[in-house]
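I am attaching a structure below and will ask some questions about it afterwards.
All of the numbers you see were taken from the coordinates with simple rules; none came from a lab. Owing to the predicted nature of the structure, the values given are computational and were not obtained by experimental measurement. A quick note on method: Cβ atoms are made from the backbone with ideal geometry, for glycine too, and the neighbour counts reach across all protein chains shown.
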Ligand code: GUN
């Protein structure tokens, strides 16, 4: 059996088209469009490239986006002041502070400072608290985890009643995606570096989300036949024959797992495009929240 490919490029493009249409309608009605303000501290090449993709995606969707760059040596107060000024600016609908912040900065304090209704990354502790608590609804859901759920839903993978395994417990992906699966009535297990016999746990999964940051870690014989596999990993592997000197692989050994799974996301072209699509959706949502209230 060969797994069906879950095409994140196509599903992400659908979400972006839906957002673009709504932005065009808003512009036609009131003349103003959603604005995303991105804060980039330091010069990490990966973060720079993510931030530039986010800005371009906003422009393509007809939204405004401004990137505020601070030096890696910026103080905690400088970062917090910038966030406070964006909170106070009525033209700014969404604020995203690119993570990780340079060493020495207190990420928790910075994220605490973002206005709840501009928290398009969904990382404010109140939004995360609402996400993990039963019966509470966050204003925003973190983009990559939300993208994983849309990929499953739009591919017809049943979540309610499924056994789901999440590899990794990061604040950005593992913890929130486990909460989202739990909220949709999956039975969820989170595995991490201290979990004994991970392969055995993974073998029970109808849905596997791999977000562990280890190239091709998940092997074909770990997979329950027919399982849905969402690979969040984006790992660079040195490759002198490649133009850039590396190629990208996920956390899943695709060539093995594709032969056993029922559905699988490729890397690239799986979860990656969904993160940006969901950021645009969250920015549109922020705009609507703020304008309904105004
Ligand atoms: N770094 C890696 N992923 C993300 C994300 O989704 N949002 C932010 N702000 N930083 C990230």
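Against the longest principal axis of the chain, how steep is helix 272-293, in degrees 0 to 90 to the nearest 10, with axes from Cα atoms?
40 degrees
Moving on. With the chain treated as a Gaussian network of Cα nodes joined by springs under 10 Å, which of 266, 145, 45 yields the largest mean-square fluctuation?
Comparing 266, 145, 45 in a Gaussian network model of the chain, the most mobile one is 45.
Something else: By how many nm would the segment from residue 243 to residue 204 lengthen if fully extended, with 0.36 nm per residue of separation less the alpha-carbon distance?
Here the answer is 10.1 nm.
Ok, one more. Using a Förster distance of 41 Å, how high is the FRET efficiency between residue 25 and residue 193, based on the Cβ-Cβ distance and rounded to 0.05?
That pair, residue 25 with residue 193, gives E of 0.30.
May I ask you to compute the full-extension gain from residue 126 to residue 53, defined as 0.36 nm times their residue separation minus their alpha-carbon distance, rounded to one decimal in nm?
Length difference between fully extended and current span is 23.5 nm.
Could you work out how far apart the two model spin labels at residue 76 and residue 17 are, taking each label as a point 7 Å from the Cα in the direction of the beta carbon, and quote it in nm?
4.8 nm
If you don't mind, there's one more thing I want to ask. Roughly speaking, what is the stretch gain from residue 171 to residue 109, that is 0.36 nm per residue apart minus the C-alpha to C-alpha distance, in nm to one decimal?
20.8 nm
Which value in deg cm²/dmol, rounded to the nearest 500, describes the helix-derived mean residue ellipticity at 222 nm for the chain, given -39,500 (n - 2.57) per DSSP H run of n ≥ 4 and division by the residue count?
Rounded to the nearest 500, the figure is -12500 deg cm²/dmol.
Report the residue, chosen from 130, 154, 203, that carries the largest GNM mean-square fluctuation when the chain is represented by alpha-carbon nodes joined by springs under 10 Å.
154
With everything on Cα atoms, drop me the angle between helix 174-183 and the longest principal axis of the chain, reported from 0 to 90° to the nearest 10.
80 degrees
Sticking with this one: May I ask for the angle, rounded to the nearest 10°, between helix 8-30 and the longest principal axis of the chain, with both axes built from Cα atoms and the value confined to 0 to 90°?
Between helix and principal axis, roughly 20 degrees.
I've got another one for you. Which FRET efficiency value, to the nearest 0.05, do you get for residue 214 and residue 255 by plugging their Cβ-Cβ distance into 1/(1 + (r/R0)^6) with R0 = 25 Å?
0.95
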